[in-house]
Amino acid sequence: MTQESHSLGQFNFAGDDHVVPFQVEGLDVRGRAVQLGPMLDAILERHNYPLPVARLVAETVVLTVLLGTSLKFEGKLIIQTKSNGPVDLVVADFSTPDRVRAYARYDEDALARAVESGDTQPQDLLGEGILAFTIDQGVHTQRYQGIVPLDGASLEEIAGVYFRQSEQIPTKVRLGVAELLDRDENGKPRHRWRAGGMVAQFLPEAPERMRQPDLPGGDGAEDMPAEIDDLWDEAQVMVETIDADELTDPMVGTERLLYRLFHERGVRVYPPQPVYDRCTCSRERLRDVLASLSQEEIDASVEGGAISVTCEFCSTTYRFEATEVRPQ
């Protein structure tokens with residue numbers, strides 16, 4: 001395994017909260033892998049989610065980070081669920097080059113019933129609905145949105161469906177979440193979250209080699225199934241051998257996992273990209289939003305001569321005097 005700009009004996013491991021791009025030339029595969037630690041902890045502890053909800057949010061954050069760091073332009077990737085399950089809304093977004101935030105909404109009574117019945121897998125908590133992938137390149141551009149159904153499949157499987165129907169790129173996604181129970185520097189017990197993931201894509205020079213079997217309900221000929229390229233078949237088998245613990249164990253690490261999977265085929269890793277828990281809200285942006293409301297809406301929001309707005313993502317509360325906000 002080699003890394004650009006590092007010679008033998010100077011190899012540096014990326015560590016937590018750094019996305020590692022990689023390439024396996026012998027398999028025509030490119031991808032990204034990550035382990036999240038302190039950044040994920042900060043997002044989850046801020047909201048004090050129940051454990052099953054925290055796991056679901058963590059999976060969504062990993063998926064968003066893996067896909068968002070592939071953006072080659074200034075913009076934002078938003079992954080959002082809307083469903084009828086106990087957790088009816090999960091939103092995570094990645095703003096280039098490195099900002100991540102996430103939020104979930106859930107029904108406490110419905111969640112309690114799900115926990116009591118043991119239905120706590122992410123697909124159980126979401127139920128039926130949609131998962132939307134939105135790419136926003138900012139003002140004066142049109143948003144691109146891909147929507148796939150939530151039909152009881154895992155987020156890993158749904159992400160694969162998204163790539164097949166929107167980009168026609170054979171893609172394999174693995175996600176993992178774990179709780180880490182240890183002690184701090186003073187010997188006191190502490191609870192921490194860890195998560196990891198990998199996305200691998202088959203990108204041969206000949207595009208026709210990327211052809212895959214049609215999705216159920218597609219318009220392809222049912223009697224002419226596409227054959228899976230031998231190299232992509234091999235790559236998928238390798239990725240499927242990943243144990244969930246390997247994705248989250250800090251003693252394994254991203255580079256060690258990539259070496260374990262692909263060293264016989266020659267894996268190259270590239271400089272890691274850090275990601276941070278950073279919200280995009282600001283007092284100025286919220287003031288602009290309030291200024292766009294009608295006078296009646298503003299009057300209805302005033303309490304004690306002021307309007308208080310709390311960001312659902314970072315829980316920061318902004319207070320505006322009524323005189324500060326005037327309709328445009």
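Among Ser294, Ser83, a tally of other beta-carbon atoms within 10 Å of each Cβ gives an order, fewest to most, of Ser294, Ser83. Please determine, in degrees from 0 to 90 and to the nearest 10, the orientation of helix 38-47 with respect to the longest principal axis defined by the Cα atoms of the chain, where the helix direction is its Cα long axis. Rounded to the nearest ten degrees, it is 40. D by Stokes-Einstein for the stretch 283-324, Kirkwood Rh over Cα pairs, 25 °C, 0.890 mPa s: 232 µm²/s. Helix 51-68 and the longest principal axis of the Cα set of the chain meet at an angle near 70°.
A Förster distance of 25 Å, applied to the separation of the beta-carbon atoms of Thr241 and Glu157, puts the FRET efficiency at 0.90.
Computed from the C-beta positions of Gln168 and Ala132 and an R0 of 22 Å, the FRET efficiency is 0.70 to the nearest 0.05. Fewest neighbouring Cβ atoms within 10 Å first, the residues His18, His47, His191, His140 line up as His140, His191, His47, His18.
Counting lysine pairs in the chain whose alpha carbons fall under 29 angstrom apart, excluding pairs fewer than 8 residues apart on the same chain, gives 4. Is any residue of the stretch 271-298 close enough, with backbone N under 11 Å, to a label point placed 7 angstrom from the Cα of Phe13 along the Cα-Cβ axis, and if so, which? Backbone N within reach: none found. Once both labels are positioned 7 Å from their Cα atoms along Cα-to-Cβ, the gap between Leu89 and Glu74 label points is 2.9 nm. To the nearest ten degrees, helix 155-166 and the longest principal axis of the Cα atoms of the chain are 80 degrees apart. Shown for Asp299, Asp277: other C-beta atoms within 10 Å of each C-beta, ranked fewest to most, produce the order Asp299, Asp277. The Stokes-Einstein estimate for the chain, based on a Kirkwood radius over Cα pairs and taken at 4 °C with 1.567 mPa s viscosity, is a diffusion coefficient of 60 µm²/s. Between the beta carbons of Val139 and Leu180, assuming R0 = 45 Å, the FRET efficiency works out to 0.60 to the nearest 0.05.
Per-residue ellipticity at 222 nm, computed for the chain from helices alone with -39500 (n - 2.57) per DSSP H run of at least four residues, works out to -8500 deg cm²/dmol.
Since every read-out is calculated from the coordinates, none of them should be taken as a lab result. Because the structure is predicted, anything quoted here is derived from the model rather than measured. We place every Cβ from the backbone using ideal geometry, glycine too, and count neighbours over all the protein chains shown.
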